[in-house]
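A.B. asks: The structure is given below, and queries will be raised subsequently.
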Amino acid sequence: MDLYEYQGKELLKSVGIEIPEGRVATSPARAAAAAADLGGGVVVKAQVLTGGRGKAGGIKLAEEPEAAREAARRILGMSIGGLGVHRVLVEKVSPFECELYAALVFDRGAKKVLAMLSGMGGMDVEDVAREHPDAIARVYVDPLAGWSTYHGCRLAFEAGLQAELLRPVCDLFARLFEAFTRYEALLVEVNPLAVVGGRLVALDCKFTVDNNALFRHPHIAHMMDIHLADPQEVMARERGVTYVKIGGDIGILGNGAGLVMSTLDVVAEAGGAPANFLDVGGGAKEEEIVTALEVLTSDPEVRTILFNIFGGITRCDEVARGILTSIGRMGITMPIVVRLEGTNEAEGRAIIADAIAAGATNLFVEQTMRGAAGRAVALARGVV
Amino acid sequence: MAIVIDERSRIVVQGLTGREGSFHAQRNRAYGTNVVGGVTPGKGGQAVEGIPVFDTVRSAAEATGADVSLIFVPPRAATDAIYEAVDAGLGTIVAITEGIPAHDMLRVFNYLQCRAVTLIGPNCPGVISPGKANVGIMPSQIFMPGPVGIVSRSGTLTYQIANELTHRGIGQSTAVGIGGDPIVGSTYVDILARFEADPETRLVVMVGEIGGDEEETAARYVAEHMTKPVVGYVAGFTAPPGKQMGHAGAIISGSSGTARAKKTAMEAAGMRVGIDPTEVAELVAQVLAGR
């Protein structure tokens with residue numbers, strides 16, 4: 001889970017890292033009030049979980065409250081990288097001497113924590129890495145041994161920073177590592193990290209935490225509540241369904257992440273447009289199928305539904321009953337293509353066949369993944 | 001032969017008294033697997049359908065001669081269970097648990113580095129050596145003994161492909177689900193090396209998905225070290241970047257970790273790559289037939 005800039009900065013502040021004084025605002029009037037409260041020049045920054053805010057016009061300087069109001073009026077409601085802006089962060093402008101880059105990364109390849117520091121802050125780190133690979137110092141940290149002071153020293157020297165910054169850099173990284181481990185982050189990136197009168201101030205922050213660890217961090221889990229803008233994703237989360245919206249017209253439901261991903265691919269290969277990823281998980285019962293279908297059909301774009309079940313712990317007859325219950329309860333009339341294989345497949349197929357014989361004309365049974373995908377694509381196009 | 005587990009493996013189930021643990025332990029035993037005991041602290045002396053329960057892994061291992069642990073412990077206690085099994089001297093640990101925090105697993109992985117332990121998982125369906133032993137949650141009825149090794153990050157995709165093979169009369173030596181998390185105990189490379197050394201395995205199917213670069217690393221290993229043919233598959237061509245697709249490991253960040261990059265790396269390593277599970281089975285049949 002990615003945090004907004006202001007949320008990440010709260011976590012940095014909690015470990016003693018200096019951040020600019022600022023306020024979050026959801027309206028131009030509140031942005032103006034925040035600017036008056038802070039006094040002096042401010043920067044108004046769109047809070048959005050994507051890069052390229054600056055280039056998109058999502059960051060504006062304002063000398064006084066009226067200018068902050070105008071800046072917020074322009075930024076709120078903008079769409080940056082397809083995401084709507086609902087909040088701005090109004091911060092006091094910090095005059096600085098130079099800008100650094102600092103980051104800690106959960107490196108799944110190296111199986112260590114990777115610490116990075118560069119004197120070339122304030123620009124896209126991928127550009128720096130490509131054009132000046134030597135400008136980024138890197139140190140790997142063994143998670144069992146934890147952070148050592150020498151890690152900070154090495155970073156500062158290898159990044160070529162002046163000697164006065166040695167102590168502040170060591171102090172900053174020790175705190176950054178504390179935040180990284182305490183909040184179980186996968187990424188903490190501070191860019192730019194400003195040098196202000198010999199002190200280091202985090203002007204921006206990218207903070208990604210591990211979803212699997214949120215049970216230990218209820219205050220961070222709570223931060224997530226405002227992240228989900230898409231109504232289907234909000235509904236899915238409330239009901240404990242693993243759902244990702246993709247945007248096509250064939251609603252897809254299966255068991256197991258790998259099989260569902262594969263199903264999306266097979267549908268796309270057959271010329272169709274998958275609407276979503278939905279994994280009902282292992283051992284789903286009748287009621288869980290109904291819940292999953294409620295989430296899936298709440299997307300108005302969906303015109304056809306494809307079930308792809310390979311029963312291991314999941315029983316095909318439970319799935320078949322769930323489909324019929326959903327049709328009865330929700331009055332689903334759009335076509336549903338069903339492919340059931342594995343545990344209790346004969347019982348499951350018999351239940352569907354009986355329903356078709358009894359007049360459920362929107363049900364279609366297929367034996368193979370390819371056959372099911374082809375049928376779903378044809379139905380979505382209205383060919384069948 | 002087979003790899004990781006076989007008919008001689010003696011299994012102790014950590015979390016045997018839980019719902020999942022007792023259900024699958026009995027299924028595994030019914031398949032012929034030597035399920036010799038279970039561990040639940042505080043429930044030592046009890047039994048689950050005749051399987052004795054112990055308070056600690058050490059006491060279970062001493063009493064039963066167990067050499068494999070199968071873990072069904074919930075996420076917040078799962079790494080504790082792994083450490084206990086390692087310290088009790090069990091050589092093979094299969095962790096089914098889904099949802100273990102990544103930082104916990106990062107420490108476990110580094111703890112295992114100087115120890116001679118094979119950890120499979122977590123967030124995996126386990127290991128089956130058809131006709132010999134089933135350790136985990138895989139549906140044994142879709143497998144049959146034979147010459148194909150399977151290594152996969154995904155449970156249901158493993159079933160789908162094994163089923164397609166079995167329908168064609170092609171059996172499997174061992175199927176290993178290495179798990180869908182960012183940090184797992186055994187990588188593709190670890191398992192490929194064991195299949196290469198296993199005289200019963202003639203061909204390996206490697207099933208990948210989006211996220212990380214383990215498939216790319218494995219493809220290089222195939223090119224440099226494998227004499228046996230490896231048929232590949234990757235799921236997730238239609239996955240949008242930045243979205244987690246069910247498995248904690250399946251997320252594309254930046255330009256790396258895409259299905260296309262993985263397929264390209266596999267093909268560059270000389271592997272034949274199927275476009276869907278059906279084509280994977282067709283390719284396996286062709287390679288085994290010498291075409």
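Computed from the coordinates by the stated procedures, all read-outs in this text should not be read as laboratory data. Keep in mind that what you see is a predicted model, and the values were worked out from it rather than measured. We place every Cβ from the backbone using ideal geometry, glycine too, and count neighbours over all the protein chains shown.
A.B. asks: Identify all lysines with a Cα-Cα distance to residue B:132 below 27 Å; exclude those on the same chain that are fewer than 8 residues away in sequence.
C.D. replies: B:228
A.B. asks: Now, a different point. By a straight-distance test (C-alpha under 16 Å), which aspartates and glutamates pair with residue A:112 as possible cross-link partners, with residues fewer than eight away in the same chain excluded?
C.D. replies: A:142, A:178, A:184, A:210, B:104, B:181, B:213, B:214
A.B. asks: Take every residue in peptide B:179-192, count the Cβ atoms of other chains within 10 Å of its Cβ, and give the average of those counts.
C.D. replies: Details: counts 0, 3, 2, 8, 3, 1, 0, 0, 1, 0, 0, 0, 0, 0.
The shielding value for this peptide is 1.
A.B. asks: Run the dipole for the stretch B:48-195 about the Cα centre, Lys and Arg Cβ at +1, Asp and Glu Cβ at -1, nothing else charged, and hand back the magnitude in debye, nearest 20.
C.D. replies: Details: 8 positive and 12 negative charges, 88 e Å.
Dipole about the Cα centre, nearest 20: 420 debye.
A.B. asks: To the nearest 20 Debye, how big is the dipole of the stretch A:248-345 about its Cα centre, given +1 on the beta carbon of each Lys and Arg and -1 on that of each Asp and Glu?
C.D. replies: Numbers: 6 positive and 14 negative charges, 37 e Å.
Charge dipole, the stretch A:248-345, about its Cα centre: 180 debye, nearest 20.
A.B. asks: Treating only the Cβ atoms of Lys and Arg (+1) and Asp and Glu (-1) as charged, compute the dipole magnitude of the protein assembly as shown about its Cα centre; round to the nearest 20 debye.
C.D. replies: Charge dipole, the protein assembly as shown, about its Cα centre: 380 debye, nearest 20.
A.B. asks: For chain B, what is the relative contact order in percent, using Cα pairs closer than 8 Å and at least 6 residues apart in sequence?
C.D. replies: Working: 677 pairs, mean separation 40.8, N = 291.
Once normalised by length, the contact order is 14 percent.
A.B. asks: Given H placed on each backbone N at 1.01 Å, which residues far from residue B:118 in sequence or on other chains put an amide H within less than 5 Å of it?
C.D. replies: B:92, B:93
A.B. asks: 5 Å is the cut-off here: which amide hydrogens, built 1.01 Å from N in the peptide plane, fall below it relative to residue A:304, excluding neighbours closer than 5 in sequence?
C.D. replies: A:251
A.B. asks: Specify whether the C-alpha gyration tensor of the stretch B:139-291 places it in the rounded, prolate or oblate class, a ≥ b ≥ c being the square roots of the eigenvalues: rounded for a/c under 1.5, otherwise prolate if a/b is larger than b/c and oblate if not.
C.D. replies: Values: a/c = 1.63, a/b = 1.44, b/c = 1.13.
Prolate.
A.B. asks: Additional query: Per residue of B:106-113, how many C-beta atoms from partner chains lie within 10 Å of its own C-beta, taken as a mean? Intermediate values should be presented prior to the final figure.
C.D. replies: Numbers: counts 10, 3, 2, 5, 6, 2, 0, 3.
Taking all residues of B:106-113 together, the mean is 4.
A.B. asks: Any of A:9/A:111; A:55/A:206; A:45/A:92; A:285/B:243; A:60/A:92 with alpha carbons more than 23 Å apart? Name them for me. Mind showing how you got there, number by number?
C.D. replies: Working: A:9/A:111 26 Å; A:55/A:206 17 Å; A:45/A:92 11 Å; A:285/B:243 26 Å; A:60/A:92 12 Å.
Over 23 Å apart, Cα to Cα: A:9/A:111; A:285/B:243.
A.B. asks: With each run of n ≥ 4 DSSP H residues scored as -39500 (n - 2.57), what mean residue ellipticity at 222 nm is computed for chain B after dividing by its residue count and rounding to the nearest 500 deg cm²/dmol?
C.D. replies: Details: 9 runs with 101 residues, N = 291.
Helix contribution divided over all residues of chain B: -10500 deg cm²/dmol.
A.B. asks: For residue A:365, list long-range residues whose amide hydrogen, built 1.01 Å from N in the peptide plane, is under 5 Å from its own amide hydrogen.
C.D. replies: A:338
A.B. asks: In chain A, what percentage of the DSSP-assigned beta bridges are antiparallel, given to the nearest 5?
C.D. replies: 75 percent
A.B. asks: Can you classify the stretch A:238-315 as rounded, prolate or oblate using the Cα gyration tensor, where a ≥ b ≥ c are the square roots of its eigenvalues, rounded means a/c under 1.5, and otherwise it's prolate if a/b beats b/c and oblate if not?
C.D. replies: On the way: a/c = 2.03, a/b = 1.26, b/c = 1.62.
Oblate, since a/c reaches 1.5 and b/c is not below a/b.
A.B. asks: Before rounding to the nearest 500, sum -39500 (n - 2.57) across all DSSP H runs of length at least 4 in chain A and divide by the residue total; then give [θ] at 222 nm in deg cm²/dmol.
C.D. replies: Details: 13 runs with 145 residues, N = 384.
My calculation for chain A gives -11500 deg cm²/dmol from helical runs alone.
A.B. asks: For the stretch A:7-15, in order, what is each residue's ³J(HN,Hα) by Karplus, 6.51 cos²θ - 1.76 cosθ + 1.60 with θ = phi - 60°, in whole Hz (x at glycine and Pro)?
C.D. replies: For the stretch A:7-15, the Karplus curve yields 6, x, 5, 4, 5, 4, 4, 5, 9 Hz.
A.B. asks: In whole Hz, what ³J(HN,Hα) sequence does the stretch A:183-189 give by Karplus (6.51, -1.76, 1.60; θ = phi - 60°), x for Gly and Pro?
C.D. replies: Rounded to whole hertz, the list is 9, 6, 7, 9, 8, 10, 10.
A.B. asks: While we're on this one: What does the C-alpha gyration tensor say about the overall shape of the stretch A:231-380? Classify as rounded when a/c is under 1.5, otherwise prolate if a/b is larger than b/c, or oblate.
C.D. replies: Values: a/c = 1.24, a/b = 1.14, b/c = 1.09.
Here the stretch A:231-380 falls in the rounded category.
A.B. asks: Still on this structure, I have one more. Can you compute the FRET efficiency between residue B:217 and residue B:260 using 1/(1 + (r/R0)^6), with r the Cβ-Cβ distance and R0 = 22 Å? Round to the nearest 0.05.
C.D. replies: Details: r = 17 Å, r/R0 = 0.76.
After rounding to 0.05, the efficiency reads 0.85.
A.B. asks: Considering only B:211, A:135, A:95, whose Cα is most displaced toward the positive end of the charge dipole of the protein assembly as shown, charges sitting on Cβ of Lys, Arg (+1) and Asp, Glu (-1)?
C.D. replies: In the protein assembly as shown, that residue is B:211.
A.B. asks: Further, regarding this structure: Taking 0.36 nm per residue of sequence separation and subtracting the Cα-Cα distance, how much length would be gained by fully extending the chain between residue A:127 and residue A:15, in nm to one decimal?
C.D. replies: Numbers: separation 112, 0.36 × 112 = 40.32 nm, distance 2.98 nm.
Between residue A:127 and residue A:15, full extension yields an extra 37.3 nm.
A.B. asks: Taking DSSP loops as anything outside H, G, I, E and B, show the longest stretch in chain A free of trypsin sites (Lys or Arg not before Pro) there with at most 15 other beta carbons within 10 Å.
C.D. replies: Numbers: sites that count: A:55, A:239, A:285, A:381.
Counting only loop sites that pass the neighbour cut-off, the longest clear stretch is A:56-238.
A.B. asks: Taking chain A as the reference, fit the longest principal axis to its C-alpha atoms, fit the long axis of helix A:166-182 to the helix C-alpha atoms, and give the angle between the two in degrees, 0 to 90, nearest 10.
C.D. replies: Roughly 20 degrees, rounded to the nearest 10.
A.B. asks: Further, regarding this structure: How much of the DSSP beta bridge set in the stretch B:1-123 is antiparallel, as a percent to the nearest 5? Write out the running numbers ahead of the final one.
C.D. replies: Numbers: 2 of 20 bridges.
Antiparallel: roughly 10 percent of the beta bridges in the stretch B:1-123.
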